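The values are calculated or read from the model by the stated rules, or taken from the named source; none is laboratory data. What you see is a predicted model; the values in this text were computed from it and never measured. Note: ideal-geometry Cβ built from the backbone for every residue, glycine included; neighbour counts use all protein chains shown. Side chains are part of the model used for accessible areas, which takes the heavy atoms of the whole protein and leaves out ligands, DNA and RNA. Shrake-Rupley method; radii C 1.70, N 1.55, O 1.52, S 1.80 Å.
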There are 2 protein chains.
Amino acid sequence: MAAVTQPGPGRPRLGPRRRAGGTPRAEILDAAAELFTTKGYASTSTRAIADAVGIRQASLYHYFAAKDDILDVLLDLTVTAPLTVAAQLAAAAAPAAVRLYALAWYDVRQLAASRWNLGALYLLPELRSERFAQFRARRAELRGHYEQLATEVAAGDSTAAPAAGAPELAFRLVETVIDIRSDAGIAPAALEHTIPETVLRMLGWSGSATEIRTAASALLDALPVDEIQLAQMPEHQQ
Amino acid sequence: MAAVTQPGPGRPRLGPRRRAGGTPRAEILDAAAELFTTKGYASTSTRAIADAVGIRQASLYHYFAAKDDILDVLLDLTVTAPLTVAAQLAAAAAPAAVRLYALAWYDVRQLAASRWNLGALYLLPELRSERFAQFRARRAELRGHYEQLATEVAAGDSTAAPAAGAPELAFRLVETVIDIRSDAGIAPAALEHTIPETVLRMLGWSGSATEIRTAASALLDALPVDEIQLAQMPEHQQ
């Protein structure tokens, strides 16, 4: 850290930006995401984040008043895009199984492909505080979307009746991509289909995997994907 | 913390023990488990643990050389009993579905009933260090037991073929009890059957839930349960 150039406020840095994102704000978010997921949230100071970006701590405070504000934005990034997709899917005319597959597919992909495994922060004791009540409510809203679709699938024609509480596990199975990624260092690409298909199987659904994948792909293509993808990228967040 | 009596080494404390466990070692483990899961691992010092037990920091070092040794023992407690059960089930003559149900049932119950939600520590960045290689290997061994049984179930007669990678998700679905407990503050009792049954459903198994529960219960009763249950209790750990 000692070798990092520390330019004065407002003065352009000499070196090229090393961080993802085209703005100081995006660079701060990227550096914080890396440090929170690799060193730990409590072990990371705003000073360490500023150092990793190559700015002064005072400059960082221009963008974020406190460390928990940075965490809040990062956590929110993990649910913003799937919530948008879930709301659009709720209004779509496709069968519940296709909509649930599409939501799980989209969500697994974004959890697996994000630059840092931010979902690993969900279990932080800090998240139980009032400060993160809004984030918890938004994640609960996403969980509710899953549960509603899963309940519809479970009520449909199935060869084996699913367990009574199975619809609540759909969201949980999707989030296991976070644990797999944490243990293995990477989430295998196959998960983007293994998990959505398994979510349907555990609800008693017995249709064709190939057909539902095609239908879910067409459904996702019909959504305003550009907006959704932009919503995922830190450099487009305000 | 200032009000806690701090007796000298070897001197009996005046007040009654407030902690779970009949020995100082068990009390240290219990206090550490509480602090690690409610305040965070990095935020908890060995001094804070000693204070919570009501002993001197020097006395704590008589039992544990460092904070990571305490974490290592606590993590190990989450896999010791299920590993014992898994090894016994691997040698049992029952069908794979019954053995997998029994393992998942036992494991969900112990993860749900443990005094502190220690599984929430699995995602700590600290666990990726060499220090915890042995724990990671033991947890991987447990995951292997699940995968082997799940592969057998998936290969059996099923009405809908499961997804290719579904057997790897059996272990992951069991561990979602940790996330549910973290979010809700408690793991609903119904999960001890919802999760094992859903594990089988996602593998294409279509038998009777009532029958498999009865068979798994008889199988678990036939195992040397006393030894297993003792293995779970910190006061019996060495």
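Summary table below
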item: Once the Cα gyration tensor of region A:24-65 is diagonalised, semi-axes √(5λ) in Å; result: 16, 10, 8
item: 20 °C / 1.002 mPa s Stokes-Einstein diffusion coefficient of region A:37-161, Kirkwood radius on C-alpha pairs, µm²/s; result: 128 µm²/s
item: 1.4 Å probe accessible area per residue over chain B, in Å²; result: 43 Å²
item: Degrees separating the helix B:209-222 axis from the principal Cα axis of chain B, which is the longest one; result: 50 degrees
item: Neighbour net charge for A:Phe135 - beta-carbon separation under 13 angstrom, K R +1, D E -1; result: -2
item: Test item: B:161-173 mean partner chain Cβ contacts at 10 Å; result: 6
item: Rounded percent of accessible protein surface that carbon and sulfur make up, chain B, 1.4 Å probe; result: 54 percent
item: Region B:92-131 and region A:144-201: distance between their alpha carbon centers, rounded to Å; result: 19 Å
item: Chain B: angle of helix B:96-113 to the longest principal axis, Cα-based, in degrees nearest 10; result: 30 degrees
item: Local electrostatic count at B:Phe64 - Lys and Arg +1, Asp and Glu -1, tallied over other residues with Cβ under 11 Å; result: -1
item: Relative contact order [Cα under 8 Å, 6+ residues apart], chain B, whole percent; result: 24 percent
item: The protein assembly as shown - mean residue ellipticity at 222 nm from DSSP helices (-39,500 (n - 2.57) per run, n ≥ 4, rounded to 500); result: -20000 deg cm²/dmol
item: Radius ratio Rg over Rh of region A:161-211, counting only Cα atoms, Kirkwood formula for Rh; result: 1.02
item: Check: region A:110-164 dipole with +1 on Lys, Arg Cβ and -1 on Asp, Glu Cβ, in debye; result: 380 debye
item: Over region A:127-193: Kirkwood hydrodynamic radius from C-alpha pairwise inverse distances, Å; result: 14.0 Å
item: 7 Å along Cα→Cβ, label-point gaps from A:Ala94 to other copies, nm, shortest first; result: 4.0
item: Copy-to-copy label separations for B:Arg115, where each label sits 7 Å from Cα toward Cβ, in nm and ascending; result: 4.3
item: With all protein chains modelled, accessible area of A:Glu130 [1.4 Å, Å²]; result: 150 Å²
item: Solvent-accessible surface (1.4 angstrom probe) belonging to B:Val199, in square angstrom, nearest 10; result: 0 Å²
item: Chains A and B, summed buried accessible surface - 1.4 Å probe, Å², nearest 100; result: 3100 Å²
item: Computed Kirkwood radius, in angstrom, where 1/r is averaged over Cα pairs of region B:38-86; result: 12.1 Å
item: With Cα atoms, 0 to 90° folded angle of helix B:191-202 axis to chain B main axis; result: 40 degrees
item: Occluded residues from region A:105-152, i.e. those whose accessible area drops by 20 Å² or more once the chain is not alone (1.4 Å probe); result: A:Ala120, A:Leu123, A:Pro125, A:Arg128, A:Arg139
item: Label point 7 Å beyond Cα along the C-beta direction, distances from B:Thr214 to other copies (nm, shortest first); result: 4.4
item: Size of electric dipole in chain B: Cβ of Lys, Arg +1 and of Asp, Glu -1, about Cα centre, debye, nearest 20; result: 940 debye
item: q = 0.08, 0.10, 0.15, 0.16 Å⁻¹: log10 I(q)/I(0) that the Debye formula gives for region B:75-236, counting C-alpha atoms only; result: -0.22, -0.35, -0.80, -0.91
item: P(r) tail fraction, the protein assembly as shown - alpha-carbon pairs more than 36 Å apart, %; result: 36 percent
